[in-house]
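> Let me give you the structure first, and then I'll get to my questions.
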Amino acid sequence: MNKDIATPIRTKAILEKHGFSFKKSLGQNFLIDPNVLSNIVGHANLSKKVGVIEIGPGIGALTEYIARQAGKVVAYEIDGRLLPVLEDTLSPYENVTVIHQDVLEADLQAMIEKEFAEYDEIVVVANLPYYVTTPIIMKFLLERIPITGMIIMMQKEVADRITATPSTKAYGSLSIAIQYYMDASVAMIVPKTVFVPQPNVESAVLKLTRKEQLPAEVKDEDFLFQVSKGSFVQRRKTILNNLQTSLPDGKAKKDLLLAGLEEANIDPGRRGETLTIEEFAQLSNALYDHFKK
Ligand code: SAM
């Protein structure tokens, strides 16, 4: 087996060899702990039948761990300075393709048709750039990218919000948007010391697994997310108050709002944070015809 990229000594040597300096604005915190890497890929249950999409390979620390176990890895890297580095560090692995692109701009469906046609399962494994964690996850979900799951490192605080349950402080529109599609759990907490440079925050590895069945039938998913987001604008206010200010013409259409809440069996005096996903789904269906613009 090739020598790990992710030891402090080898990483330092690679960075020096290529004269690489970190860009904080791109969320560049590289992993230098082989134990953490084997734990991450362990949670992904990889095999040679699985295709993996990685976001932000950096100098390839996680990529090589994935490449050893998966059938194929396609990794999106925004920073062109890392391309020659990756060509060097990942040269022993023939099953890796690096794409120099902002993943948020990528046509993932087209890439999957081209690269993963022969794989029955596709998963995302990544140590995400923290400044774009949520947009990246939501892109995969809203564009209906056919992945079965994600094993992703992120800020612990964001992982807590994604996995939160009703009536807790961390529960909000992000918990609902993600848990609508995926079962979410924290697989491990990761200390700052396993990165170079060390981030300012604690990290966690989140495991997302696609739900076999969506928790509720909704007329319009975007409207479900609009209603749930609008219900948390001011957490201490009631759902009626929040929706009056957040939905189009909400104040003028208070009667229709009250009727919708009644139809969905939700007391207008409750706070948004007490509603389950199923309740938000019922409410968004009841309000859809009157408020969807
Ligand atoms: N995977 C490496 C590791 O674990 O050591 C590096 C992870 S580092 C937290 C995040 C990586 O994402 C960096 O290499 C950064 O350049 C890259 N990146 C940042 N924004 C990106 C974007 N929008 N699209 C693709 N890659 C991005």
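The values are calculated or read from the model by the stated rules, or taken from the named source; none is laboratory data. Keep in mind the model is a prediction, meaning the values are calculated, not measured. Cβ: placed from backbone, ideal geometry, glycine included. Neighbour counts: every protein chain shown. The area values use the complete protein model at the heavy-atom level, side chains included, leaving out ligands, DNA and RNA. Shrake-Rupley method; radii C 1.70, N 1.55, O 1.52, S 1.80 Å.
> Can you tell me the Rg and Dmax of the range 27-118, counting just the alpha carbons, in angstroms?
According to the Cα coordinates of the range 27-118, Rg and Dmax are 12.7, 34 Å.
> Using a 1.4 angstrom probe on the protein heavy atoms only, line up Asp88, Asp183 by accessible area, largest first.
Asp183, Asp88
> Pull out a ≥ b ≥ c, the square roots of the eigenvalues of the alpha-carbon gyration tensor of the range 8-210, then state rounded if a/c is under 1.5, prolate if not and a/b is larger than b/c, and oblate in the remaining case.
oblate
> Hey, another quick one. Got a number for the accessible area of Glu202? Probe 1.4 Å, square angstrom, nearest 10.
Looks like 90 Å² after rounding.
> Probe 1.4 Å, all protein chains in place: accessible area of Ser25 in Å², nearest 10?
Approximately 80 Å² for this residue.
> Would you calculate the separation in nanometres between label points at Arg81 and Lys3, each defined as 7 Å from the Cα along the Cα-to-beta-carbon direction?
2.4
> Subtract the Cα-Cα distance of Val186 and Asp120 from 0.36 nm times their separation in residues, and report this length gain in nm to one decimal.
21.2 nm
> So what's the gap between the Cα centers of the range 1-35 and the range 210-267, to the nearest angstrom?
For the range 1-35 versus the range 210-267, the Cα centre distance is 46 Å.
> Still on this model: Roughly how compact is the range 125-248, stated as its Cα Rg over 2.2 N^0.38 Å to two decimals?
Output field value: 1.13.
> Which cross-chain or sequence-distant (5 or more) residues have an amide H under 5 Å from the amide H of Met153, H modelled 1.01 Å from N in plane?
Amide H neighbours of Met153, under 5 Å, 5+ apart: Ala126, Asn127, Leu128, Leu206.
> Can you sort Lys139, Lys114, Lys253 by 1.4 Å-probe accessible area, starting with the largest?
Lys114, Lys253, Lys139
> Here's a follow-up. What 222 nm value per residue comes from the helices of the chain, counting each DSSP H run with n ≥ 4 as -39,500 (n - 2.57) and dividing by all residues, nearest 500 deg cm²/dmol?
Mean residue ellipticity, 222 nm, calculated: -11000 deg cm²/dmol.
> On to the next question. Pop out the carbon and sulfur fraction of the accessible area of the chain as a percent, whole number, probe 1.4 Å.
The C+S portion of the solvent-accessible surface of the chain is 49 percent.
> Report Rg (one decimal) and Dmax (nearest whole number) for the range 182-234, counting Cα atoms only, units Å.
According to the Cα coordinates of the range 182-234, Rg and Dmax are 16.9, 46 Å.
> Something else about it: Can you give the accessible area per residue of the range 221-291, in Å², using a 1.4 Å probe?
Roughly 50 Å² per residue, with all protein chains present.
> Next question, about the same structure. For the range 221-291, rounded, prolate or oblate, judged on the Cα gyration tensor with a ≥ b ≥ c (square roots of eigenvalues), a/c < 1.5 rounded, else prolate if a/b > b/c?
It is rounded, given that a/c, with a ≥ b ≥ c, falls under 1.5.
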